[in-house]
Amino acid sequence: MEWLETSTDNCAIQRTLDVIGEKWTLLVLREAFNGVRRFDDMRRHMGVSEPILADRLRKLVAAGVLRTEPYREAGSRTRNEYRLTEKGMDLFPILISLLQWGDRHCADDDGPALVVRERSTGESVEAVVRPVGSGVALSARDTVAIIGPGARRRSA
């Protein structure tokens, strides 16, 4: 079976985009990875409307990417903070890849607005594609995609 003969219904990229493939969703994740956990802080920092932010947070919680944790400030009602789950933490390389691409192709002349560094050494980090068990970085030209065991034939 060739790629064009396969159904894309169970494509992992398509399913991932169903969860995180919207601009505001990725920006919510950026905020969460940078330690912003509260609705009002996210809304102010991102410049997003309350209904859009509430919708994206609700979807990320339903997908198991974020979890809620109640908190209460003196004199106020109980509210939720939003924290990354392990499933959410697994999205870190995707955000680093987007950051790298943006720094390379969209950055201001002044340089990047955000640099991610290893906590213990202070070295900048990067996302790379490499063979499992090897430290050699690969480009798209070094790889080939093959039909996997979960592929289904496309219906007519």
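Derivation of every value follows stated rules applied to the coordinates shown; laboratory data play no part. Here the structure is a predicted model, which is why all the values come from computation and not from measurement. Cβ sites come from the backbone with ideal geometry, for glycine too, and all protein chains shown count toward neighbours.
Expressed as a rounded percentage, what relative contact order does the chain have, with Cα pairs under 8 Å and six or more residues apart? Provide the component values of the computation, followed by the final result.
Working: 127 pairs, mean separation 38.8, N = 156.
It rounds to 25 percent for the chain.
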Segment 3-142: radius of gyration and largest Cα-Cα distance (Dmax), Å
17.8, 61
Residue-normalised 222 nm signal for the chain, counting each DSSP H run of n ≥ 4 as -39,500 (n - 2.57), nearest 500 deg cm²/dmol, is -11000 deg cm²/dmol
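Semi-axes, largest first, in whole Å: what does sqrt of 5 times each Cα gyration tensor eigenvalue give for segment 8-50? Intermediate results must be reported in sequence, preceding the final value.
Details: eigenvalues 134, 21, 8 Å².
The equivalent ellipsoid of segment 8-50 has semi-axes of 26, 10, 6 Å.
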So which GluC sites (Glu not before Pro) in segment 42-104 end up in coil per DSSP with only 10 or fewer other C-beta atoms within 10 Å?
73
Residues 3, 24 arranged by fewest to most Cβ contacts within 10 Å:
3, 24
Within segment 1-69, DSSP-loop GluC sites (Glu not before Pro) with at most 10 other C-beta atoms within 10 Å are 2
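So what is the relative contact order for segment 19-74, in percent, with contacts set as C-alpha pairs under 8 Å and at least six apart? Don't skip to the end; give the middle numbers.
Numbers: 27 pairs, mean separation 20.2, N = 56.
Over segment 19-74, the number comes to 36 percent.
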I'd like the trypsin sites (Lys or Arg not before Pro) in segment 44-144 restricted to DSSP loop residues with at most 13 other Cβ atoms within 10 Å, sorted by number.
72, 77, 119
